[in-house]
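First the structure, in the form of structure tokens, and then the observations on it.
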Amino acid sequence: MAETSEAQASASGQAGASGQAGSGSGSEDEKRDERMLECNICLDTARDAVVSMCGHLFCWPCLHQWLETRPSRQVCPVCKAAISRDKVIPLYGRGNTKQEDPRNKVPPRPAGQRTEPENNSGFPGFGFGDGFHMSFGIGAFPFGVFTSTFNFGDPRPSAAPRGTAQYEEEQFLSKIFLWVAILFVLWLIFA
Amino acid sequence: MAAMSPSERRLQKELMSLMKEPPPGVTVDGEQASQNLTLWTVHMEGVPGTLYEGEKFVLQFKFTNKYPFDSPEVTFIGSNIPVHPHVYSNGHICLSILTDDWSPALSVQSVCLSIVSMLSSCKEKKRPPDNSFYVKTCSKNPKKTKWWYHDDSV
Ligand SMILES: [Zn+2]
Ligand SMILES: [Zn+2]
């Protein structure tokens, strides 16, 4: 993928262009100094600023939103270095009186909310590492089949009164079917 | 002026700087873009000394309110779609920074520069090998295409 390197080349080209534009009078220099403190995402002066290990400056809210956008692939927007909540440093200027960590302002993301759609590979629950789903899903299947076959074409009310011979018989049969089902599941797992 | 959303603020800033310091051969239709910040038209000239010298192209950028976290939808429009191994005849562009490799630190300007360099490095003018099939079956939005990126020899 040459495209990536092209993008980086053009990003640095852009930086070069803005650098050239900044030379000249004093106010132009000031403008360039301001630009150096701009967030790389919103292009405004960084508020609640944090800096990554690779040295790139962001507003924490901006960076947080980016990390949330691609939780499975957290990279620096500028240089693609690995980046995470714990690997950024909050910056406190002289104006900050409270020195509150900006990372505490944005609530931590709710657990278990995000899954990448690309990871759904057609047969959910049948892959490795999905053992619980697998045994549960298949285990329930024979139960359903057996009970419905058992009741099929049976005219009398389903549950016989407790204590009668018929009740005993039903209990016995359902136990047999339970064991058959368990054996079936074990066979599926170990065969 | 009404309060701008973060995406509008950023687009406004980009528009200003692109109009003030456009990269060579790239012109944004500033009037149209300032009317509707979510739809930009960018004119592009083939770089002298390349296969596209003297040609003029038109790019369309569409932005959602999630920009810059969400990449812009970028297509060639108009009568002259560049003949290039990564550009389909319907104007869709196979360029990884427009989908998988998008980053919010990229901009309209850096996308334009990438496209200029993609065209300029072309050695042979031809359509992608799967052009006719793709054009018949693709979604209108190129971002819905699960691109399988061509190798970088071109
Ligand atoms: Zn920001
Ligand atoms: Zn970085």
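The values are calculated or read from the model by the stated rules, or taken from the named source; none is laboratory data. Bear in mind the structure is a predicted one, so any value in this text is a computation, not a measurement. All Cβ positions, even for glycine, are placed from backbone atoms using ideal geometry, and neighbour counts span all protein chains on display. Just the protein is used for accessible areas: all its heavy atoms, side chains included, with ligands, DNA and RNA removed. Shrake-Rupley method; radii C 1.70, N 1.55, O 1.52, S 1.80 Å.
Some observations on this one:
- 222 nm mean residue ellipticity, helices alone, for chain B (DSSP H n ≥ 4; -39,500 (n - 2.57); rounded to 500): -8000 deg cm²/dmol
- Given charges at Cβ of Lys, Arg, Asp, Glu: chain B dipole, positive-most of B:Tyr52, B:Ser71, B:Gly25: B:Ser71
- The interface between chain A and chain B buries about 2400 Å² of solvent-accessible area in total (1.4 Å probe, ligands and nucleic acids excluded).
- Counting, for every residue in B:108-115, the Cβ atoms of other protein chains within 10 Å of its Cβ and taking the mean gives 5.
- Protection proxy ranking, highest mean first, for peptides B:87-94, B:125-132, B:41-48, A:165-172: B:87-94, B:41-48, B:125-132, A:165-172, where packing is the per-residue count of other beta-carbon atoms within 10 Å, averaged.
- Rounded to 10°, Cα long-axis angle of helix B:108-120 versus longest principal axis of chain B: 20 degrees
- Packing around the peptides B:100-111, B:21-32, taken as the average count of other Cβ atoms within 10 Å per residue, puts them in this order, highest first: B:100-111, B:21-32.
- Other protein chain Cβ atoms within 10 Å, averaged over every residue that makes up B:20-29: 1
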